[in-house]
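The values are calculated or read from the model by the stated rules, or taken from the named source; none is laboratory data. Treat the numbers as computed from the prediction; the structure is a model and nothing was measured. All Cβ positions, even for glycine, are placed from backbone atoms using ideal geometry, and neighbour counts span all protein chains on display.
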Amino acid sequence: MCTRENGEAILRMPIDSSWKQEAIPTGRTITRRRWRTLRLKIKVKHLFAIAVALCASVLFLQAFVMPRIEIAMAKKHFEQGTPDGKEELIRVLDASSGNDKWALIRDYMIENGSDLSLIRFDVIAGDGTYQSSTTTSFPNAPRWTGEEKIKYLEAYIEGGPIDGYYVRAAKQLAYEYVTRSRTEDAVRVLERTEQKLPGHVEDQGRELKLARARIYADAGQLDAAERLLTELSGTPQPRNTYLNGNIAALQARITAQRQESASSVSGAVTRSDGTPMAGIGVYLRSSRDVYHSLIESEPYQTLTDSEGKFAFKGVAPGSYALYIGLNFEQIDGWTLPASHDEEWIDLRGGEHLTRNMTLQRLIQLRSPVDQQVITGKTVTFEWEPVEGAAYYTLNGTFPIENGTVGHTIKDHIRSHSIELPIETLYSVVSGYSYKKFGDKQIPDPSNLLGYADPSSRFSWSVEARDADGKLLTRSDGYRLNEQTMGPLPFFYLKEHTLTEPDRLLLEGRTDEALQEYKANYERNGQDSHSLRMIVKLLEISAFIDKRPLDAASLPYLVKLANTDPTGNALPSLISYYGSIGEWAQADRYYGMLNEARQGKVESYPQAQYGRLLLKQGRVREGEEQLRQAQANDPSNRFIGDYIASVIYLSAALDKAEELALLYPERSYYDSSNPDWSKLVRGLKEESEDSNDKTYFDALKEALLVCFSEDKKRIEDWMSEAKFPAMKAFISAVSDVD
């Protein structure tokens, strides 16, 4: 209780109490509590000062401490990806000003943004491959929408500090404008930023000017682009070789675009429901580039406009594949249905091609899923049907130490489900990986056991194809939320129990395991598992030693080929008998392979068999096999043999040149594969300068020498060859592998 006495404030506080009984008139007694109080004397002016201090403290907390706590919590929630994390950070951003606001935009938007780089997407997809490429400081943080980026980047450009982040903010804002077909806005923000830069950061100014030139070039405004490049060339910076190289590359590209004979490739990217894919990356990649990750120096890169359209002009002749770049939310639940080596674009000059790309929904799997354990003698695979699908391909993966190894389980499945004997899975053939045991690298034992390893978790997927074999869609892809996730494609096979040689193999004792498998098979000729493992280990040993299978391996291979209905052991037998010239046996086993594959032998073993027929002098039969293999082999790796057989049978060099143009052999990595059209033109010109009959007689004789694959005969012929073009052609055919 507070009272006032003589100008002083008296504060009375109860500090103790006692109880006392008192009589009252009614004859009863009551008990009262008696308080002792503490008297504190405080001057009024002091009390006022305390009140002011308390108010100031509250105001300080509200003005400085609480906002800092709110900012810290918003940052934490954003970084952790909590449901309302982005909304919290946006509220803080909108309430902040000055350095606090710029720091938040810098740390949570500019730092991980795309500085006009067309390759900074989460996923790069094309040619049947998917590469995830994004790196970010906050992997769990939610994504900014384009509208959000524009709002805050515009604010940063308007009032933020002029530093390295300022230049990055301008590039990122220009990028967002470009994805919305706002070309002039993109150029304007880069130009304004360049004008604001201080003189000592000249390189950054040149980068902005080059970025403007690139935007103009992508939009087809070549005159504007060249004016900027002329300005850049007038102020060279010899030390900045990277920037100078980019300037030269853009100038070369514009020069190519101006040529009347230049080719172009255009199209649109949409989803199957008709939604245009705006603002995604599109890349026209040379066959020399597709076997490495996408890099910024590749010449043909662009973004789709608001209608999902794209265009490349001034494209040099060559073989190309289209790739696209998407963020996770754009690819989630969808796939780009492109198979490896099946979507090539072959440009010869002066062509204007249209190639549209349509993303399709992923197929949902039904069984086996969610780590189902299978112990029976059969496995039933089932998935949802796909409209327009003529057949399906069932694929699987084995786990290995640092990933998985993929393979085909069954092809040309006519229904959307299939029941397979467990032995079919045990007989699957795949590539091999290696694992380190001590100081040795040996084939990964779990990979060798394959589906016979009961401790491994396997996965599966399907692809749907139309009647022409074109991929429609697949089940394997990015599924990133509850709506798109669906059942997980994992399962276990527990039908097989590990044997003693299996355990030796898993311990890395490969040689001992092989001997034990052989002993088991000798004791029980019906032991199909031991027989399979013997053949696998013998084949991998021959591969490592770079030698063909020897005669001692043959009985195991023959037994497996005659008992395994999948036919997976037959290509090795065909190759073996072909190498020793036992043609009847090679024919027999190829007939068995054709029956096992129901008349649809894979292109590689079919082409190899065609070459064996050429080797025997059965050129017409070989030409037929090579023709069929070529129709199913988009890599065109055996086109040289096919052309050679056509020339031998008909001497039709015009037809041979037509085939060479239709099926160009592509150059991968830094290799330079033969230009068969050029080689055939050389034969045509040489034959015109010679007696036709004499020339073609000599050419047929040379081709028979080449078909023999006898290195000594080929070397002898080459040393005596009189016709340079014929010599070049025979040399190229003899190198086909």
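Values as computed for the structure displayed
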item	result
For residue 239: the one exception among (1) farther than 30 Å from residue 307 by Cα; (2) in a helix (DSSP H, G or I); (3) out of contact with any Leu (no Cβ under 9 Å at 6 or more places or on another chain)	(2)
Unique residue being modelled with pLDDT of 90 or more and farther than 30 Å from residue 210 by Cα when the list is 107, 94	94
Test: residue in the stretch 268-285 that is surrounded by 16 or more Cβ atoms within 10 Å (Cβ to Cβ) and free of Cβ contacts under 8 Å to residues at least 12 places away in the same chain	no
All positions within the stretch 527-555 that are over 16 Å from residue 577 (Cα atoms), acidic (Asp, Glu) and within 33 Å of the chain's Cα centre (by Cα)	545
Among the candidates 119, 157, residue that is of a type in the set (A, V, I, L, M) and either in a helix (DSSP H, G or I) or more than 26 Å from residue 215 (Cα to Cα) (or both)	157
Among residues of the stretch 166-215, those that are within 28 Å of residue 99 (Cβ to Cβ) and outside any helix (DSSP H, G or I), counted	5
Pair list, Cβ < 6 Å and 6+ apart or interchain, from the stretch 692-707 residues that are over 23 Å from residue 613 (Cβ atoms) to residues that are in a helix (DSSP H, G or I)	695/687
Single residue of the stretch 492-514 satisfying the filter (of a type in the set (Val, Ile, Thr) and not in a helix (DSSP H, G or I)) that is farthest from residue 527 (Cα to Cα)	497
Qualifying positions in the stretch 550-608 - of a type in the set (Lys, Arg), closer than 23 Å to residue 414 by Cβ and buried (at least 17 other Cβ atoms within 10 Å of the Cβ)	597
Top-ranked residue in the stretch 250-306 [being at pLDDT below 90 and acidic (Asp, Glu); ranked as farthest from residue 131 (Cα to Cα)]	260
Residue count, the stretch 452-495 (criterion: crowded, with 20+ Cβ neighbours inside 10 Å, aromatic (Phe, Trp, Tyr) and at pLDDT 95 or above)	3
Matching option when the condition is at pLDDT below 95 and surrounded by fewer than 19 Cβ atoms within 10 Å (Cβ to Cβ), among 669, 663	669
Residue within the stretch 169-184 that is of a type in the set (Val, Ile, Thr), buried (at least 18 other Cβ atoms within 10 Å of the Cβ), in contact with a Leu (Cβ under 9 Å, 6 or more places away or on another chain) and under 28 Å from residue 285 (Cβ atoms) present	yes
Boolean, residue 328 is among the hydrophobic types (A, V, I, L, M, F, W, C), over 20 Å from residue 130 (Cα atoms) and touching a residue at least 12 places away in the same chain (Cβ under 8 Å)	no
1 or more residues of a type in the set (Lys, Arg) and on the phi < 0 side of the Ramachandran plot: qualifying strands (runs of 3 or more DSSP E) within the stretch 286-371	309-315, 357-361, 365-367
